[in-house]
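The values are calculated or read from the model by the stated rules, or taken from the named source; none is laboratory data. Here the structure is a predicted model, which is why all the values come from computation and not from measurement. Backbone-built Cβ (ideal geometry, glycine too); neighbour counts: all protein chains shown. Remember, those area values only see protein heavy atoms, side chains included, never the ligands or the DNA or RNA. Shrake-Rupley method; radii C 1.70, N 1.55, O 1.52, S 1.80 Å.
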Amino acid sequence: MALTGEEIARNVAYIRSEIRAAALEAGRDPSGIRLVAATKTNDADAVRAAIAAGVDICGENRVQEMLEKNAQGAYTGVPLHFIGHLQRNKVRQVVGLCQLIHSVDSLPLLEEISRTAERKALVQDLLLEINIGNEASKSGFAPEELPGVLRQAAEFPGIRVRGLMAIPPVCSTEEENRPFFLKMRKLFIDNCEKKYDNIAMDCLSMGMSADYPEAVRCGATLVRVGSGIFGPRHYT
Ligand SMILES: *Cc1c(COP(=O)(O)O)cnc(C)c1O
């Protein structure tokens, strides 16, 4: 059963208060953290309810689903981000439509995004996905690859690297994720001073329904929350 607009609003208000509390606990300004609604599998009405309830951004995982909902005007009022695994042959449909691509996990993908953006005469903002738990099942760059990747990214005129994103290993408690989040923060800080024209690292995207307060305490600037807003997902 899909949640009602009222239930979605209540969830968003609760998540906001948790983000705020976690930020203050860590001595951070709560306004520096943006709530991305991870909208996959939820229909346009649910997405509109989340926007009405005050989420900052919508994040989609699948290109086809995103294009369908976009055609229904689902995202009106907030920026749209792409947070899922992106295939190179779908880049054309994402570049320019999405304000930020969180999930850039290879150099060929980076190159394709740059080429496409140049063709569209725009600059695409993106994050580099880091495989912070070094998991075979997950995509993303290894932490130690990052300096080299940034050096190469500096050669691509169609993109601007705005920061890093990670999905840590599934842990049973949010405290277990802490070492991964702290590792991400260190990687982010160590690399955000790089002086390249098209690299301006100010976004750290980490934290989902089960662990966003911990991610905020560890420095996240973007949290991606799905089931916490919309309830359990129903895949068809
Ligand atoms: C689905 C998804 C989320 C949200 O997951 P929840 O556990 O439902 O909050 C966050 N990030 C990415 C990349 C996702 O695919």
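What helices (runs of 4 or more DSSP H) lie completely within the range 24-112 and have 3 or more residues being within 26 Å of Tyr14 (Cβ to Cβ) and in contact with a helix residue (DSSP H, G or I) (Cβ under 6 Å, 6 or more places away or on another chain)?
Helices (runs of 4 or more DSSP H) meeting the threshold: 44-52.
If you check Ala21 against the conditions, is it assigned to a helix (DSSP H, G or I) and among the small types (Gly, Ala, Ser)?
yes
Give all pairs with beta carbons closer than 9 Å in which a residue from the range 209-231 that is more than 8 Å from the ligand (Cβ to nearest atom) meets a residue that is open to solvent by 20 Å² or more (accessible area, probe 1.4 Å) and part of a strand (DSSP E or B); count only pairs at least 6 apart in sequence or on separate chains.
If the second residue must be open to solvent by 20 Å² or more (accessible area, probe 1.4 Å) and part of a strand (DSSP E or B), the pairs left are Thr221/Arg34; Thr221/Asp202; Leu222/Arg34; Val223/Arg34.
Could you count how many residues in the range 158-207 are open to solvent by 10 Å² or more (accessible area, probe 1.4 Å), assigned to a loop (DSSP other than H, G, I, E, B) and free of Cβ contacts under 8 Å to residues at least 60 places away in the same chain?
Here the count works out to 13.
Looking at the range 57-90, which of its residues are in contact with a Pro (Cβ under 8 Å, 6 or more places away or on another chain) and either closer than 29 Å to Arg20 by Cα or among the acidic types (Asp, Glu) (or both)?
If the condition is that a residue be in contact with a Pro (Cβ under 8 Å, 6 or more places away or on another chain) and either closer than 29 Å to Arg20 by Cα or among the acidic types (Asp, Glu) (or both), then Ile57, Cys58 are the ones that fit.
Hey, among the residues in the range 33-87 that are within 15 Å of the ligand (Cβ to nearest atom) and among the hydroxyl-bearing types (Ser, Thr, Tyr), which one's nearest to Leu204 (Cα to Cα)?
Thr39
One line per residue, one yes/no per condition, for (1) touching a Pro at 6+ places or on another chain (Cβ under 9 Å); (2) crowded, with 20+ Cβ neighbours inside 10 Å; (3) under 20 Å from Leu204 (Cβ atoms):
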{"site": "Pro108", "(1), (2), (3)": "no, no, no"}
{"site": "Ser114", "(1), (2), (3)": "yes, yes, no"}
{"site": "Lys120", "(1), (2), (3)": "no, no, no"}
{"site": "Glu129", "(1), (2), (3)": "no, yes, yes"}
{"site": "Ile132", "(1), (2), (3)": "yes, yes, yes"}
{"site": "Ser139", "(1), (2), (3)": "no, no, yes"}
{"site": "Pro143", "(1), (2), (3)": "no, no, yes"}
{"site": "Leu150", "(1), (2), (3)": "no, no, yes"}
